[in-house]
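The values are calculated or read from the model by the stated rules, or taken from the named source; none is laboratory data. Just so it is clear, the model here is predicted, and its values are computed rather than measured. Using ideal geometry, Cβ is built from the backbone for each residue, glycine included, and neighbour counts are taken over all protein chains shown.
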Amino acid sequence: MSDVAVVDAGGSNLGSVCYALERLGVRPRVVADAAGLRGARRVILPGVGAAPEAMRRLHEQDLVAPLRALQVPLLGICLGMQLLYERSQEGEVECLGLVPGVVRKLPQAPGIRVPHMGWNALRAMRPSPLLDGVADGDSAYFVHSYAAPVTADTVAASDHGGLFTAVVRHGRWCGAQFHPERSAATGARILRNFLEMDH
Amino acid sequence: MLSRRLIPCLDVRGGRVVKGVRFRDHVDMGDIVELALRYRDQGADELVFYDIGASPEGRSVDYAWVERVARLIDIPFCVAGGIRDVETARRMLHAGADKISVNSPALERPALVSELADAFGVQCVVVGIDSIREADGQWRVRTNTGDPDKTRALAVRTLDWIAEAQRLGAGEIVLNCMDSDGVRRGYDIAQLRQARALCKVPLVASGGAGEMQHFAAVFEQADVDGALAASVFHSGTIPIPELKRFLRERQIEVRDV
């Protein structure tokens, strides 16, 4: 049995995340309930869509408490990362509360389009094994309308009308606002770092 | 800072990549996965696959090649052609597409855009628009442009549809300027500038790229987020690494590969 669990919370990028892991030589198992998490060495929570719908699904699958109780590193991707925070302004929904902070809508401004869609540079904010082999200024692929502010947990930030958190780590809780599964070599490197890091 | 995206567009018919001039006379360009991988290696920022036979033939794209592409490439890609309901879109996204683009079916039934945005979030929903300048000087939309015999002219003004599509939940607009398509005389800057003024979401220019300067012009003068092209990339006339160097020298932000 594979020890990397990918949570199926209805996110449509589930397949892409699994393929990215397969390209790294890992065969993940897709899990939809608490029992599936048992024995996992790493857990990945992908997500595309809206926060209220995603939280509703996690509640429905009885995954909220088991995710909060996880003792192994968890990586949230895109919406999956936003769900790690306390709340999201999107639908004013309570999230998992594993990382301090509130997710907010990206502000639209002249020349600043929302959704933030495309390749943007990562700016390292503090050292972290998640960024091993990733150079300051390397690009990752983002598609999102909401983002977490820069806090003490921010590992890397990105700039779209102001800095926001692109990579977060709070103990074993990790997150990437971009899509590592679609961020070429940089994304693959960050995924591998997550799979290999000590905790 | 957000990079400007270079997006090769692969028109797909019968499982092969094809390219026509002014939407006619398609010639075979090669195998889908082979071309996708080549573009990934060259530094394309994103790929769009248009199943150009799908809408006129009233069928949807098949999923097998979408999954084949998704397994192999590690850059984002969008699938277009014949997506007319949430279920089809869901299968496409689950097969591994990052975005889905709707064109003719959205014009026939605009509520489709809202249904897709509600189901998957606006960031997955691209509205593709084929636009042509008519005798009265107005740009108007066309449907089913994949097959000239089935192409229909609608009374809808392109700029009105751009505003409406955003209101309905489009997360990105791809504006294909048909007067320019395949003739390599440059993007339709005048039209794209007007579209840009209305477009709060990302806007991608399509149709007319022939020289590297055309890309610089469309980014500088129409402030588009991405530029889509087919023939100049497929033929090798403009190699993507060279184009990126050219744009970077002009202080246009592009992704390093």
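Tell me which of these A:Leu122 doesn't satisfy, since it passes every other one: (1) within 14 Å of chain B (Cβ to nearest Cβ); (2) in contact with a strand residue (DSSP E or B) (Cβ under 7 Å, 6 or more places away or on another chain); (3) closer than 25 Å to B:Cys199 by Cα. All conditions are met except number (3). Being of a type outside the set (S, T, N, Q) and closer than 16 Å to B:Leu198 by Cα is not true of B:Glu134.
Checked against the criterion of being more than 10 Å from chain B (Cβ to nearest Cβ) and crowded, with 18+ Cβ neighbours inside 10 Å, the candidates A:Leu96, A:Leu79 yield just one match: A:Leu96. Residues in the stretch B:90-103 that are more than 9 Å from chain A (Cβ to nearest Cβ) and modelled with pLDDT of 90 or more were compared, and the one that is nearest to B:Phe120 (Cα to Cα) is B:Ile100.
From the list B:Arg142, B:Arg38, the one residue that fits, being within 19 Å of the chain's Cα centre (by Cα) and free of Cβ contacts under 8 Å to residues at least 12 places away in the same chain, is B:Arg38.
Hey, does the stretch A:24-36 have a residue that's of a type in the set (Gly, Ala, Ser) and in contact with a Phe, Trp or Tyr (Cβ under 9 Å, 6 or more places away or on another chain)? So far as the stretch A:24-36 goes, no, none of its residues is of a type in the set (Gly, Ala, Ser) and in contact with a Phe, Trp or Tyr (Cβ under 9 Å, 6 or more places away or on another chain).
Taken as a whole, the stretch B:161-172 holds no residue that is of a type in the set (S, T, N, Q) and more than 14 Å from every other protein chain (Cβ to nearest Cβ). Considering only residues in the stretch A:147-164 that are touching a residue at least 40 places away in the same chain (Cβ under 8 Å) and assigned to a strand (DSSP E or B), the one that is surrounded by the most Cβ atoms within 10 Å (Cβ to Cβ) turns out to be A:Ala147.
Check whether at least one residue in the stretch A:32-53 is over 23 Å from B:Phe120 (Cα atoms), within 14 Å of chain B (Cβ to nearest Cβ), free of Cβ contacts under 8 Å to residues at least 60 places away in the same chain and out of contact with any strand residue (DSSP E or B) (no Cβ under 9 Å at 6 or more places or on another chain), and report yes or no. No; the residues of the stretch A:32-53 include none that is over 23 Å from B:Phe120 (Cα atoms), within 14 Å of chain B (Cβ to nearest Cβ), free of Cβ contacts under 8 Å to residues at least 60 places away in the same chain and out of contact with any strand residue (DSSP E or B) (no Cβ under 9 Å at 6 or more places or on another chain).
Being modelled with pLDDT under 95 and more than 14 Å from chain A (Cβ to nearest Cβ) is the filter; apply it to the stretch B:231-257 and report the residue that is nearest to B:Asp130 (Cα to Cα). Here the answer is B:Ser231. Got a sec? Which of A:Thr186, A:Thr154 is touching a helix residue (DSSP H, G or I) at 6+ places or on another chain (Cβ under 9 Å) and among the hydroxyl-bearing types (Ser, Thr, Tyr)? Of the residues listed, the single one that is touching a helix residue (DSSP H, G or I) at 6+ places or on another chain (Cβ under 9 Å) and among the hydroxyl-bearing types (Ser, Thr, Tyr) is A:Thr186. Counting just the residues of the stretch A:132-146 that are among the small types (Gly, Ala, Ser) and in a strand (DSSP E or B), which one comes out nearest to the other protein chains (Cβ to nearest Cβ)? Filtering first and then ranking leaves A:Ser139.
When B:Leu175, B:Leu192, B:Leu228 are screened for being at pLDDT 95 or above, under 22 Å from B:Arg255 (Cα atoms), crowded, with 22+ Cβ neighbours inside 10 Å and not polar (S, T, N, Q), only B:Leu228 passes. The residues of the stretch B:176-207 that are within 13 Å of chain A (Cβ to nearest Cβ), in contact with a strand residue (DSSP E or B) (Cβ under 6 Å, 6 or more places away or on another chain) and part of a loop (DSSP other than H, G, I, E, B), listed by number, are B:Cys199, B:Val201, B:Pro202.
Within the stretch B:212-247, the set of residues being among the charged types (D, E, K, R), in a helix (DSSP H, G or I) and free of Cβ contacts under 8 Å to residues at least 60 places away in the same chain comprises B:Glu220, B:Glu242, B:Arg245.
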